[in-house]
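The structure under discussion appears below in the form of structure tokens.
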Amino acid sequence: MIQTYTAVIQQDKDWWIGWIQEVSGVNCQERTREELLVSLKSGLEDILELNREEAIRRTEGESFEEVTIAL
């Protein structure tokens with residue numbers, strides 16, 4: 001399943017700044033729009049993986065089930 005997220009971006013003088021609307025903590029600034037989009041994607045991938053690892057770590061030693069929820 002492909003998930004999509006919304007990047008909010010804007011140019012501020014010599015910099016492009018942006019963040020991912022749906023995920024707190026994913027924000028970047030780069031010199032070009034293209035570099036910004038690459039950084040935002042990388043940051044989003046990193047934080048989703050970190051959140052996943054943290055959720056699994058918190059269940060160590062316990063029985064749990066992973067269930068996919070689609071919106």
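Read-outs: derived from the displayed coordinates by stated rules, not from any lab. Keep in mind it's a predicted model, so treat the numbers as computed, not measured. Because the Cβ atoms are built from the backbone with ideal geometry, glycine has one as well, and the counts that use them run over all protein chains shown.
Would you please name the GluC sites (Glu not before Pro) within the chain that are DSSP coil residues with at most 15 other C-beta atoms within 10 Å of their C-beta?
Numbers: sites: 22, 30, 34, 35, 45, 49, 53, 54, 60, 62, 65, 66; in loops: 22, 60, 62, 65, 66.
Passing both the DSSP loop test and the Cβ count: 22, 60, 62, 65, 66.
Counting 0.36 nm for each residue step from residue 35 to residue 56 and taking away their Cα separation leaves a gain of 4.4 nm.
Charge tally around residue 16: other residues with Cβ under 13 Å, Lys/Arg +1 each, Asp/Glu -1 each, net -2. Cut-off is 10 Å between beta-carbons; in what order do 42, 63 appear when sorted fewest neighbours first? Least to most surrounded, the residues fall as 63, 42.
Within the shell defined by Cβ-Cβ distances under 13 Å, the residues around residue 31 carry a net charge of -3, with Lys and Arg each +1 and Asp and Glu each -1.
Note on region 7-57: with charges restricted to the Cβ of Lys and Arg (+1) and Asp and Glu (-1), its dipole about the Cα centre is near 80 debye. Could you list, bin by bin from short to long, the percent of Cα-Cα pairs of the chain in 5 Å steps? Answer for the chain: a P(r) of 3, 15, 20, 19, 15, 11, 8, 5, 3, 1, 0 percent. Applying a DSSP loop filter and a limit of 12 other Cβ atoms within 10 Å to the trypsin sites (Lys or Arg not before Pro) in the chain leaves 13, 31, 58. Between 17, 47, 56, the GNM of the chain built on Cα springs shorter than 10 angstrom shows 56 fluctuating the most. The HN-Hα couplings worked out from phi for region 37-42 by the Karplus form 6.51 cos²θ - 1.76 cosθ + 1.60 (θ = phi - 60°) are 5, 5, 5, 5, 4, 5 Hz, whole numbers, x standing for Gly and Pro. Taking the three principal axes of the alpha carbon atoms in region 1-40, the coordinate ranges are 36, 17, 12 Å, sorted in descending order.
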